[in-house]
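S.K.: After the structure tokens below, expect a handful of questions from me.
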Amino acid sequence: MVWEEPNQRSFMSDFTRRTFVGAVAGVAGLSMAKGMAEDTAAKAREIGSQPDVVPINKELEAQNLDSKLPPESDAGAVETFKYPFGLAHKRLHEGGWSREVTVRELPIAKDLAGVNMHLTPGGVRELHWHKAAEWAIMLHGKARITAIDYEGKAFVSDVSQGDLWFFPEGIPHSIQGLGPDGAEFLLVFDDGTFSEFGTVPLTGWMAHTPRDIVAKNFGVPAEALAKLPPKELFIFQTAVPGSLEEDRRKAAGSLGLSPVAFDFHPMQGPATKSTAGGEVRVVDSRTFKASTTVATAIVTLRPGGLRELHWHPNADEWMFFLEGKGRMTVFASGGRARTMDFQAEDVGYVQKTLPHYIENTGDTDLKFLEMFKSSYFQDLSLNEWLSHVPPELVTAHLNLAPATLEALPKQNNAILPVKK
Ligand code: MN
Ligand code: MN
């Protein structure tokens, strides 16, 4: 078997180009053509890396160095897979604000959409429901959430930073900011076309039902309904609610509280996988029973850490970057690949089965969410794959020394390096 180490191979081509080009043209014709192509590529990169002479957006360029000068492995046209929440339209209300990234903002994101919302202390995202299921994570502060289950039984809970909730399709719910800071959270819907403009709000529903029908439905005189809001409130300001126990007791009524836990506390248990490079917490319907159509992996990468080369056989991946800096290359098949840079509040997207990695390129932890429209999390890793096919087959593909293949991690570690 003939093989050479990659660094040896690049040294040889370099050597051939610089020393022998022209001298042994007959034999080295192929090498000469390759050398000229390399010279052309190097010249192109040199031009691409020079500062622009026209006015540029320096902040944007500094955040997107892999767009300023793509790695040499990037090729072809790949659909954009990044959209920053900072570009999304913000809906302003007394009581809070919201903004969304849907398939309208990020056309490849067909499976999932996201809403980033802020509520003041007492601010209410009004009672409503929608066609899509709602998965959520609290980013900052505290909120009281309410719902009823499919039997009409009450659910009332308080959630704080790192906590999750899940409301299935058609389940009515509300969110209210608590003291002292109110609440900021991310909602993820299992439909890329979902928009927060397309919900069933209590106030909008009442405003668009004949008043005499509402009166008949409630069994009260129409005059008693004179102050119903004339249109949807969406988000509004009211007083901070009282104790959780008291709200639960009042909401339970004669039916009792729901046995369904619509909330989940992922930081209370151990990490699913933990290495020197970081940790990953998988939360899906196996642990968070209510979350039947959305699965997640909550990932922390230490500086230099790598979410290893992998793919997801079962679903598209919608990503949200919580903090830190990173980059991701998506190999989009057909010889196409693109690398993009990410930071806090960016949304990323990788279509089902396409290989990718995420590297922490900053000097602080990189935290992000991997979201899937599925009842379960699933990934396959390159290292695991290559460790579980006949070794001669692998070395023949990649021109690896047997010792190099032997050194590869033998399992799916999710995050590398495994050890310091
Ligand atoms: Mn909702
Ligand atoms: Mn992934």
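S.K.: With respect to Ser291, determine if the residue is outside any loop (DSSP other than H, G, I, E, B), of a type outside the set (Lys, Arg) and within 33 Å of the chain's Cα centre (by Cα).
M.R.: Values: outside any loop (DSSP other than H, G, I, E, B): no; of a type outside the set (Lys, Arg): yes; within 33 Å of the chain's Cα centre (by Cα): yes.
Judged against the criteria, Ser291 is not a match.
S.K.: Now for a separate question. Report, by residue number, each residue of segment 218-229 that is in contact with a helix residue (DSSP H, G or I) (Cβ under 7 Å, 6 or more places away or on another chain) and loosely packed, with under 10 Cβ neighbours inside 10 Å. Outline the logic, then answer.
M.R.: Start the filter on segment 218-229 by keeping residues that are in contact with a helix residue (DSSP H, G or I) (Cβ under 7 Å, 6 or more places away or on another chain), which leaves 221-222, 225, 228-229.
If the condition is that a residue be in contact with a helix residue (DSSP H, G or I) (Cβ under 7 Å, 6 or more places away or on another chain) and loosely packed, with under 10 Cβ neighbours inside 10 Å, then Pro221 is the only one that fits.
S.K.: Here is a follow-up. In segment 175-201, which residue that is buried (at least 18 other Cβ atoms within 10 Å of the Cβ) and more than 20 Å from Thr293 (Cα to Cα) is nearest to ligand 1 (Cβ to nearest atom)? Break it down into steps so the answer makes sense when it comes.
M.R.: Narrowing segment 175-201 to residues buried (at least 18 other Cβ atoms within 10 Å of the Cβ): 175-178, 182-192, 194, 196, 199, 201.
If we keep only those that are more than 20 Å from Thr293 (Cα to Cα) as well, we get 175-178, 182-184, 201.
Numbers: Ile175: 8, Gln176: 13, Gly177: 15, Leu178: 18, Gly182: 17, Ala183: 14, Glu184: 15, Pro201: 10 Å.
Ranking the candidates gives Ile175 first.
S.K.: What pairs come up if the first residue lies in segment 118-145 and is polar (S, T, N, Q), the second is more than 16 Å from ligand 2 (Cβ to nearest atom), and their beta carbons are under 8 Å apart, counting only those six or more places apart or on different chains?
M.R.: What qualifies is Thr120/Gly95; Thr120/Gly96; Thr120/Gly177; Thr120/Gly182; Thr120/Gln237.
S.K.: With away from ligand 2 (no atom under 16 Å from the Cβ), under 28 Å from Lys231 (Cα atoms) and buried (at least 23 other Cβ atoms within 10 Å of the Cβ) as the only criterion, which of Gly152, Gly96, Gly122 stands out?
M.R.: Values: Gly152 fails: buried (at least 23 other Cβ atoms within 10 Å of the Cβ); Gly122 fails: buried (at least 23 other Cβ atoms within 10 Å of the Cβ).
The conditions single out Gly96.
S.K.: I need the helices (runs of 4 or more DSSP H) fully contained in segment 331-420, keeping only those with at least 3 residues that are more than 19 Å from the chain's Cα centre (by Cα) and within 16 Å of ligand 2 (Cβ to nearest atom).
M.R.: Values: elements: 382-387, 391-398, 402-407.
Filter on segment 331-420 gives 382-387.
S.K.: Could you list, in sequence order, the residues of segment 392-419 that are surrounded by 15 or more Cβ atoms within 10 Å (Cβ to Cβ) and free of Cβ contacts under 8 Å to residues at least 24 places away in the same chain?
M.R.: Those that are surrounded by 15 or more Cβ atoms within 10 Å (Cβ to Cβ) and free of Cβ contacts under 8 Å to residues at least 24 places away in the same chain: Val394, Leu405.
S.K.: In segment 102-132, which residue that is within 16 Å of ligand 1 (Cβ to nearest atom) and under 13 Å from the mean Cα position of the chain (by Cα) is nearest to Val240 (Cα to Cα)?
M.R.: At the first step, the residues of segment 102-132 found to be within 16 Å of ligand 1 (Cβ to nearest atom) are 102, 112-119, 123-132.
Retained after the next criterion (residues that are under 13 Å from the mean Cα position of the chain (by Cα)): 102, 112-116.
Working: Thr102: 31, Leu112: 32, Ala113: 29, Gly114: 26, Val115: 23, Asn116: 21 Å.
Across segment 102-132, the extreme among qualifying residues is Asn116.
Quick note: the coordinates plus some simple rules give every number you see, no bench work behind them. What you are looking at is a predicted structure, and each value in this text was computed from that prediction instead of being measured. Positions of Cβ are generated from backbone atoms using ideal geometry, with glycine treated the same way; all protein chains shown enter the neighbour counts.
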